[in-house]
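Let me begin by presenting the structure, written as structure tokens, before commenting on it.
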Amino acid sequence: MERAIRIHSPGGPEVLRLEEVSVGMPGPGEVRIRHRACGLNFIDVYYRSGLYPLDMPAGIGMEGAGVIDAVGEGVSHLRAGDRAAYACQPPGAYSSARVMPAKNVVRLPDEIDYETGAAMMLKGLTVQYLLRKTQPQGGLQPGDFVLFHAAAGGVGLIACQWARAMGLQLIGTAGSPEKCALALQNGATYAIDYRKENFVARVAEITGGRGVKAVYDSVGKDTFAGSIECLRPFGLLAVFGSSSGPVPPFGLQMLAAKSLYVSRPTLFTHLASREATQEMADDLFGMVARGEIVIPVERRYALENAARAHAELEARLTTGCSVLIP
């Protein structure tokens, strides 16, 4: 028997229960992985709360790293004993071991430790598809301004570093002077404390009234209208999360004055095939191996303390990345 966090109904952190589960052998196209670390992400809160529905009872958690200990029929890119990491559906990473689809599992390079691997896959691959693939008309060139909300979070700190490597001028928003300082330390060109400053006015000031080419927004409801205001003509707003709640319905006419684009991308659309997953992971691993991105693992929780980890994540007490240790 293995240990896993399970939920039997949607709710607050208290619905996360540590249980013993049976983990069998992998079937065709599957692998069994024994986790050394499991990633903690805000998308886990969406599943736990019921914003993203699950068939109950259900596992939870979308990324992890560990050692492959069994391989199913038809899997050729992994073998037993391989160090591996993944960001993958269905949820179930909060566990000591699991059987899962192999297509989104990749070998973890020897120079990257398990905690870093578990902390970086979902967040790092999210930044990869945002900055490399979700681009405004004409693409992104060195010197371009972009706005990134929640710049001191796990995704945000990776984005600050990746944008710096691309030569972009990233304007980050965060909720305290300390978080703003952290974003700047990680490569943001400017940081705005949204609790004290109007981010729309500050973006206009920073860009000389021109606006930014792209806004990357994981906050959703609270920032949507302001994000639209911050864009230059033909700019792109990519809403990739809803930490403050879903974006309310809006009329397309609000985009007309500046011919704007709005996108709601998801990571798992980009990870639709093994080949695409490998290509994106290779890009991320290369950035980390070259030292252009350092993954900030700031908090570690025992698996049985997943409820406390969720409570602290929702209370905005965390910065950088957090992991659960089985």
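For the range 9-99, rounded, prolate or oblate, judged on the Cα gyration tensor with a ≥ b ≥ c (square roots of eigenvalues), a/c < 1.5 rounded, else prolate if a/b > b/c? Intermediate values should be presented prior to the final figure.
Numbers: a/c = 2.13, a/b = 1.99, b/c = 1.07.
In terms of gyration-tensor shape, prolate.
Roughly speaking, what is the centre-to-centre gap between the range 143-158 and the range 303-326 when only Cα atoms are used, to the nearest Å? Their Cα centres are 21 Å away from one another.
Its Cα centre serving as origin, the range 135-264 has a Cβ charge dipole (Lys and Arg +1, Asp and Glu -1) of approximately 140 debye. Extension gain for Glu19-Gln278 works out to 90.0 nm (0.36 nm per residue, less the C-alpha to C-alpha distance). Projecting the Cα atoms of Gly291, His270, Pro90 onto the charge dipole of the chain (Cβ charges, centred on the Cα centre) puts His270 farthest toward the positive pole.
Simple spin-label estimate for Gln135 and Glu73 gives 4.4 nm between the two label positions (7 Å along the Cα-to-Cβ direction from each Cα).
Compute the projected area of the convex hull of the Cα atoms of the chain, averaged over all viewing directions, and report it in nm² to one decimal place.
On the way: hull surface 63.0 nm².
Projected over every direction and averaged, the Cα hull of the chain covers 15.7 nm².
Helix-only mean residue ellipticity at 222 nm, the chain, DSSP H runs n ≥ 4 weighted -39,500 (n - 2.57), per residue, nearest 500. What is it? Walk me through the numbers on the way to the answer.
Values: 9 runs with 89 residues, N = 326.
Mean residue ellipticity, 222 nm, calculated: -8000 deg cm²/dmol.
Applying a threshold of 30 Å to the alpha-carbon distances of Lys103/Lys179; Lys103/Lys221; Lys221/Lys258; Lys179/Lys258; Lys103/Lys213; Lys133/Lys196 flags Lys103/Lys179; Lys103/Lys221; Lys179/Lys258; Lys103/Lys213; Lys133/Lys196 as lying beyond it. If you average the alpha carbon positions of the range 98-121 and of the range 244-283, how far apart do those two centres end up, in angstrom? Using only Cα atoms to place each centre, the spacing works out to 24 Å. Net charge dipole, the chain: roughly 520 debye, given to the nearest 20, about the Cα centre with Cβ charges of +1 for Lys and Arg and -1 for Asp and Glu. With both labels modelled 7 Å from their Cα along Cα-to-Cβ, the Ser244 to Thr269 distance reads 2.3 nm.
Under 8 Å for C-alpha pairs, at least 6 residues apart: give me the relative contact order for the chain, rounded to a whole percent. Please report the intermediate quantities before stating the final value.
Details: 746 pairs, mean separation 59.7, N = 326.
Computed over the chain, the figure is 18 percent.
The numbers here are math on the coordinates, done by the rules we state, and not lab data. Predicted model, so just to flag it, every value in this text is computed and none were measured. Heads up, the Cβs are rebuilt from the backbone with ideal geometry, glycines too, and the neighbour counts pull from every protein chain shown.
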